[in-house]
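The values are calculated or read from the model by the stated rules, or taken from the named source; none is laboratory data. Note that this is a predicted model, so its numbers are computed, not measured. Neighbour counts run over all protein chains shown; Cβ positions are idealised from the backbone, glycine included. Heads up: the accessible areas ignore ligands, DNA and RNA and are worked out on the full protein's heavy atoms, side chains in. Shrake-Rupley method; radii C 1.70, N 1.55, O 1.52, S 1.80 Å.
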Amino acid sequence: MTAPDLRFYFDPVCPFAWMTSRWVRLVQAQRDYIVDWSFISLRQLNAHIDYATHFPPEYEAGHTAGLRLLRAAASVRAEHGREAMGPLYAALGARIFDAEPVPDEAGAHAHRGTAEFLAPILAGLGLPEHHVRALDDTSFDEEIQASTDEALSLTGKDVGTPIIHVEPPEGVAFFGPVISRLPSDDDAVELWDHVVGLARFPGFAELKRSLRELPQLRALGVSEDEAGVQQDWHGGSRRRKK
């Protein structure tokens, strides 16, 4: 791959990473950017957390499915190169988020990490079906962990997904931005320039609010002509009620 203009670290099951990636693709098309789509695992990032007390019940299954899909992505990358990651992430995200909502149950979220789910996506991209075997191949976990650690080394550890690194290896990196609505083509570029301009200020550290709208994603039951319900994502997630 030619040296990228930016590196985008994603977990395929994160709705906020997916929404941000759609915005970045709008910018990429207008700026002719080269994007290196790289890995960050929510399951590995939260390995130290007790899921039962910190997250809704389906989160552990969902994050584990994300790790399994990243193993398959690592297998595809090893065989077909980094250029295959953009189309693969686009296909995974469309299948997960441009779909009818699934129940907030562990089984429904775990299904995203199965061969039954992945095989038609690979077929649609013309990729060999043998990559489904990587879903269970823990030998890829070290590579995914290294990429996750790399992403966190750029921003610090109190973040989630996505992480964007502009003009790597020397350029600025940041978590997010977390957005819930997809901007227009013109607004996409303007928003990008504002975000990068702020992040490039040497003294800048954080601009944040934990109140978030659910993203405008079909899988979350939010159409593109409405605003999602606002939730308080304290600590980066919808915590269980005590």
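Numbers at a glance
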read-out	value
Flag if Asp185 is among the charged types (D, E, K, R), over 28 Å from Glu105 (Cβ atoms) and surrounded by fewer than 16 Cβ atoms within 10 Å (Cβ to Cβ)	yes
Scan of segment 101-140 for residues that are among the polar types (S, T, N, Q) and more than 30 Å from Val222 (Cβ to Cβ), ordered by number	Thr138, Ser139
Selected residue (only one of Leu69, Leu42 is closer than 19 Å to Gly176 by Cα, within 18 Å of the chain's Cα centre (by Cα) and modelled with pLDDT of 95 or more)	Leu42
Some residue of segment 188-195 being modelled with pLDDT of 95 or more, open to solvent by less than 20 Å² (accessible area, probe 1.4 Å) and in a loop (DSSP other than H, G, I, E, B)	no
Segment 196-242, residues that are modelled with pLDDT of 90 or more, assigned to a loop (DSSP other than H, G, I, E, B), under 18 Å from Thr155 (Cα atoms) and not hydrophobic (A, V, I, L, M, F, W, C)	Pro202, Gly203
Of all residues making up segment 141-165, the number that are small (Gly, Ala, Ser), assigned to a helix (DSSP H, G or I) and open to solvent by 20 Å² or more (accessible area, probe 1.4 Å)	2
Filter result (of a type outside the set (A, V, I, L, M), within 15 Å of the chain's Cα centre (by Cα) and part of a helix (DSSP H, G or I)) within segment 85-112	Gly86, Pro87, Tyr89, Gly93, Arg95, Phe97, Arg112
Long-range neighbours under 8 Å by Cβ, at least six apart or interchain, first residue of a type in the set (A, V, I, L, M) within segment 44-59, second open to solvent by less than 30 Å² (accessible area, probe 1.4 Å)	Leu45/Thr148; Leu45/Leu152; Leu45/Gly160; Leu45/Thr161; Ile49/Phe55
Conditions (1) surrounded by 12 or more Cβ atoms within 10 Å (Cβ to Cβ); (2) out of contact with any helix residue (DSSP H, G or I) (no Cβ under 7 Å at 6 or more places or on another chain); (3) farther than 22 Å from Ala151 by Cβ; number of the one not met by Pro168	(3)
Unique residue being touching a Gly at 6+ places or on another chain (Cβ under 9 Å), open to solvent by 60 Å² or more (accessible area, probe 1.4 Å) and in a helix (DSSP H, G or I) when the list is Arg68, Arg25	Arg25
Members of segment 181-200 found to be under 22 Å from the mean Cα position of the chain (by Cα) and in contact (Cβ under 8 Å) with a residue 12 or more places away in the chain, listed by number	Arg181, Leu182, Pro183, Asp185, Ala188, Val189, Leu191, Trp192, Val195, Val196, Ala199
Count of residues meeting criterion [open to solvent by less than 20 Å² (accessible area, probe 1.4 Å), in contact (Cβ under 8 Å) with a residue 60 or more places away in the chain and closer than 23 Å to Gln216 by Cβ] in segment 72-98	5
Residues (open to solvent by less than 90 Å² (accessible area, probe 1.4 Å) and either closer than 14 Å to Met19 by Cβ or touching a Ser or Thr at 6+ places or on another chain (Cβ under 7 Å) (or both)) located in segment 196-222	Arg212, Glu213, Leu214, Pro215, Gln216, Leu217, Ala219, Leu220, Val222
